[in-house]
Amino acid sequence: MHDPIKAQQEIISDFSLLDSWLDKYQYLIDLGKALEPLADSEKTDDRLLHGCQSRVWLIIEGDADALRIRANSDAAIVSGLIALLIRVYSGASAKQILETPIEFVAAIGLQQHLSATRANGLHAMLEAIYAAARYYQEET
């Protein structure tokens, strides 16, 4: 089973190997470029996340035992943030998602290096993931 706590620890460890924020931004961009692309047919308005300045399409599927998260953005840094959230939460159960607060953002100092609009977008993505987890958990 997927472990969101371990995934966050790995992210913190990965970022600790990078010396400068320029390197960390580049790493984020590279993570975003490696995201599984969504088909154009999946980039529909009902999957477009509100609260993000850039365009973010978010798809959350599965059940209470395991949620699969797929997403893409038209912005490089945001795509990297998506990749990190997918790494933490995709494959986790609804219960794990709801019981595992996002800690890597503060631990790696990301909050001080995100613009207000990107921070709002990150918050909107997290809220959508938590809302989906609550929905799937209530379905059981």
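No value in this document is a laboratory result; all are computed from the given coordinates. Remember, it's a predicted structure, so these values are computed and weren't measured experimentally. Because the Cβ atoms are built from the backbone with ideal geometry, glycine has one as well, and the counts that use them run over all protein chains shown.
Couple of notes before you dig in:
- Residues of the stretch 1-31 with amide N under 20 Å of a point placed 7 Å along Cα→Cβ from GLU42: 2, 29-31
- Pairwise FRET efficiency - LYS95 versus SER54, Cβ, R0 = 35 Å, nearest 0.05: 0.70
- Cα gyration tensor, the stretch 54-128 - rounded (a/c under 1.5), prolate or oblate: oblate
- With K and R counted +1 and D and E -1, the other residues having a Cβ less than 11 Å from that of ILE5 yield a net charge of -3.
- In the elastic network of the chain, a GNM with C-alpha springs shorter than 10 Å, the most mobile of ASP23, ASP45, ASP63 is ASP45.
- Net charge of Cβ neighbours under 11 Å - reference SER54; Lys, Arg +1; Asp, Glu -1: +1
- Spin-label pair GLU138/ASP65, simplified geometry with 7 Å Cα→Cβ offset, distance in nm: 2.3 nm
- Ascending count of other beta-carbon atoms within 10 Å, so fewest first, for LYS95, LYS33, LYS24: LYS33, LYS95, LYS24
- Lys pairs under 27 Å by Cα in the chain, provided they are eight or more residues apart or on distinct chains: 5
- Extension gain for the segment ALA116 to SER16, taken as residue separation times 0.36 nm less the Cα-Cα distance, is 33.6 nm to one decimal.
- GNM flexibility winner over the chain from VAL88, VAL105, VAL56 (Cα, springs under 10 Å): VAL105
- Local net charge near ASP14, Cβ-Cβ under 12 Å (Lys/Arg +1, Asp/Glu -1): -1
- Which labelled figure in (1) 116; (2) 101; (3) 173 is volume of the Cα convex hull per residue in Å³, once derived from the coordinates: (2)
- Going by neighbour counts of Cβ atoms within 10 Å, the residues MET1, MET125 line up, fewest first, as MET1, MET125.
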